[in-house]
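Written below as structure tokens is the structure these notes are about.
The values are calculated or read from the model by the stated rules, or taken from the named source; none is laboratory data. This structure is a prediction, so every number in the text was calculated from the model and none was measured. Note: ideal-geometry Cβ built from the backbone for every residue, glycine included; neighbour counts use all protein chains shown.
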Amino acid sequence: MCMHTLIQQLNAHAVIAGRQVAALQSLMRGWQNFPSSWEVSNDPCGAQWDGVMCSNGRVTSLDLSSNSGLSGPLPTSIGNLKQLTTLLFDNNQLSGPIPAELGGITTLQILNLADNQLGGTIPDLSTLTKLNVLNHVTLKTPICRAISSGGLYGQVPNRLFTLPGLQQVILSNNAFNGTLGMTGNFSQQLQNLSNTAHFQQLETSLWTELGLRPGSAFLSGVHFNKDDYLEIQVRLFPLTGTSFNLSELIRIGFALNNQTYKPPQGFGPYYFVADPYVQFPASWGIAQKDSGGAPQLKGARFFTFDELKNCTNNFAENNEIGSGGYGKVYKGILAEGTRVAIKRAEYGSKQGGVEFKNEIELLSRVHHRNLVSLIGFCYEQGEQMLVYEYVSNGTLRQNLQARGIYLDWKKRLRIALGSARGLAYLHDLADPPIIHRDVKSTNILLDDNFKAKVADFGLSKLVADTEKGHVSTQVKGTLGYLDPEYYMTQQLSEKSDVYSFGVVMLEILSGRMPIAKGRYIVRDFRMAIDPNDLEYYGLQGLVDPAIHEAAHTAGFRRFVQLAMECVEESAARRPTMNLVVKEIEAMLHSEGMSSGSSSATEFEHAGATSSHLYSGTVVAARSNSSGSIPEEAPHPEIQHGEP
């Protein structure tokens, strides 16, 4: 009996293994540029197949993200990988429909198909109750479904919204039709349904039909309440001046309360609930010397002082996550759970009202995936505060010092590329251009996907048309990163940022601080480089031991050369950030990795609505004995004190 049972188990195991091999071979037959290691043997678990992980002889993880040139369809046989918990196919060139058989892999916890050319209708994935992440990494519970491939069409199935714990659905950039039946057995956690095009239409309709100026209607707090009604907070700004007069308030209130205003198609009957009218901060009032009216914002919102006070438990010390020359930084939580970093100016660093207004107007127009996003601001009761997105995986410096995520060579290349793209955007596509002035590894943050985001450019120097190319100002930079030409000219330029970025590149190579124990990293590299050393380029003693193998890769020597070009003494001999981006993209391609973009300065159009536009209202932090918000990795936004 025992022998018979054992034979049955072995037979079952052989059948399962055969199906797994057949599924992977089916992928190989339909794909171009699949990993060459897949052809070495017929056993994905017995040999080392790139991207494949097994447990007890069964395939549990398939990670082929960012494989340059990987293209073809997703076959239905992928559904035979019944033990799969992780499926990462993002940043490739896969095409065709998403197979319905994916819904049969009930063990699946992470599914990422982002940045491909997939199309067709959405299959039924409602059986994937263990799914934590779909399309992009978020939190450890199934909170977000992002279906934004750009090629999907047809009716959106209602069962899409039934996963336990689901809080957000993003359906942008597709060709869906029909209506969403927003009733039934939805996830009780569903808080945010965003289709950017529809909400942009609603914004345009509001300011047009209510006789306001373009861009003066803003939406936030989009969520479903306990009765399954879609609630939207609408903020309106006056046509002239800083506040609505009584007749304008009556006119707008009448249009909304009596449903004289008709929303665009797709929004049904509504009812209007008015909040107490709070005039825009008196700091921009006509009685002050500061003038110019309320700021014209794109994708950012105004927070009251009380909102941010409640968000941070009255700016509790336990919620302080950084400090610097501008002031202190606190963490807070928005209504739907989004964490934010709140930068609060101290007395000596506050600007005049006009200067502060001009700065937040510009920052609200700066939208790039490699820049920390401005969510909003506060300017009342004598306060000046900027509210940024919270970036959770710490700084590049922290991770290089092994206080966070292990960064292999490929991750470091991608971080270098992302931060270079952010700076190139500031220099070439921001209007007006922005010189960062304090580029350093503690101002490069890593998000949940380890994507680099440049921080602390909010107090950077704008380049006015009359002084295009340089600014003469009190220096903001950090010792070890500062352009040596500054000491002679007292001027900073875009090439000063290039020098600082070159120092960051040397940190990426060595893991070292720019200045440590009286040694300067730039001088050490200049003295050590030996072109005749074909193995380590003379840098064996300087390269971070964690990436020693990188010295044998195609892009290593060019990366070192590019870093040294960036830290040239003469600014005229340094490359532009746009050229740096193109060079690092070429290195990634030489390593067989996708750069993730064909454009050196890929950006989200500044005129588009920011993803933070619907971030909601601030709620008081959950109470606990310390008065602090639940702890995460320290947000490194402001750590000006360290070099």
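Filtered by the rule that a residue be of a type in the set (Val, Ile, Thr), out of contact with any Leu (no Cβ under 8 Å at 6 or more places or on another chain) and modelled with pLDDT under 75, region 79-137 gives a lone residue, Val137. Among the residues examined, Val543 does not qualify as touching a helix residue (DSSP H, G or I) at 6+ places or on another chain (Cβ under 8 Å), under 24 Å from Phe457 (Cα atoms), in the same structural domain as Lys440 (by TED's automatic domain parsing) and not aromatic (Phe, Trp, Tyr). When Asn56, Asn80 are screened for being more than 31 Å from the chain's Cα centre (by Cα) and surrounded by fewer than 19 Cβ atoms within 10 Å (Cβ to Cβ), only Asn56 passes. Checked against the criterion of being surrounded by fewer than 12 Cβ atoms within 10 Å (Cβ to Cβ), at pLDDT 75 or above, in a loop (DSSP other than H, G, I, E, B) and not polar (S, T, N, Q), the candidates Pro269, Pro214, Pro276, Pro263 yield just one match: Pro214.
The C-beta contact set for region 501-523 (first residue over 14 Å from Met564 (Cβ atoms) and at pLDDT below 95, second residue surrounded by fewer than 22 Cβ atoms within 10 Å (Cβ to Cβ) and of a type in the set (S, T, N, Q), distance under 7 angstrom, 6+ apart or interchain) is empty. Only one of the listed residues (Leu386, Leu407) is within 19 Å of the chain's Cα centre (by Cα), assigned by TED's automatic domain parsing to the domain that holds Gly511 and in contact (Cβ under 8 Å) with a residue 40 or more places away in the chain. That residue is Leu407. Can you name the number of the only condition in (1) surrounded by 22 or more Cβ atoms within 10 Å (Cβ to Cβ); (2) modelled with pLDDT of 85 or more; (3) not in a loop (DSSP other than H, G, I, E, B); (4) not aliphatic (A, V, I, L, M) that Gln398 fails? Here Gln398 meets the rest and fails (1). Among the residues of region 512-550, the ones that are over 20 Å from Ala402 (Cα atoms) and within 32 Å of the chain's Cα centre (by Cα) come to 1 in all. So, of the residues in region 336-356 that are at pLDDT below 75 and buried (at least 18 other Cβ atoms within 10 Å of the Cβ), which turns out to be farthest from Lys453 (Cα to Cα)? It comes out as Gly353. Filtering region 59-77 down to residues that are assigned to a strand (DSSP E or B) and crowded, with 19+ Cβ neighbours inside 10 Å, which residue is modelled with the lowest pLDDT? My answer is Asn67.
Have a look at Gly221, Gly241, Gly253 and point out the one that is in a loop (DSSP other than H, G, I, E, B) and either surrounded by fewer than 18 Cβ atoms within 10 Å (Cβ to Cβ) or at pLDDT 60 or above (or both). Matching residue, one of Gly221, Gly241, Gly253: Gly241.
Quick one: is Ala572 at pLDDT 50 or above, closer than 24 Å to Ala402 by Cβ, of a type in the set (Gly, Ala, Ser) and part of a helix (DSSP H, G or I)? Spelling it out, it is not the case that Ala572 is at pLDDT 50 or above, closer than 24 Å to Ala402 by Cβ, of a type in the set (Gly, Ala, Ser) and part of a helix (DSSP H, G or I).
Determine whether Ser373 is modelled with pLDDT of 80 or more, among the hydroxyl-bearing types (Ser, Thr, Tyr) and more than 21 Å from Tyr425 (Cβ to Cβ). Give the derivation first.
Numbers: modelled with pLDDT of 80 or more: yes; among the hydroxyl-bearing types (Ser, Thr, Tyr): yes; more than 21 Å from Tyr425 (Cβ to Cβ): no.
Considered against the rule, which asks whether it is modelled with pLDDT of 80 or more, among the hydroxyl-bearing types (Ser, Thr, Tyr) and more than 21 Å from Tyr425 (Cβ to Cβ), Ser373 comes out as no.
Can you spot a residue in region 16-28 that is over 19 Å from Leu102 (Cβ atoms), part of a strand (DSSP E or B), outside the structural domain of Lys411 (by TED's automatic domain parsing) and modelled with pLDDT under 80? Scanning region 16-28, I find no residue that is over 19 Å from Leu102 (Cβ atoms), part of a strand (DSSP E or B), outside the structural domain of Lys411 (by TED's automatic domain parsing) and modelled with pLDDT under 80, so the answer is no.
Touching a residue at least 60 places away in the same chain (Cβ under 8 Å) and buried (at least 24 other Cβ atoms within 10 Å of the Cβ): does that describe Arg414? Let's see the steps before the verdict.
Details: touching a residue at least 60 places away in the same chain (Cβ under 8 Å): yes; buried (at least 24 other Cβ atoms within 10 Å of the Cβ): no.
No; evaluated as a whole, the condition is false for this residue.
Can you confirm whether Lys451 is under 20 Å from Val372 (Cα atoms), at pLDDT 75 or above and out of contact with any strand residue (DSSP E or B) (no Cβ under 7 Å at 6 or more places or on another chain)? Answer is yes for this residue.
How many residues are part of a helix (DSSP H, G or I) and either surrounded by fewer than 17 Cβ atoms within 10 Å (Cβ to Cβ) or in contact (Cβ under 8 Å) with a residue 24 or more places away in the chain (or both) when one looks only at region 529-555?
7
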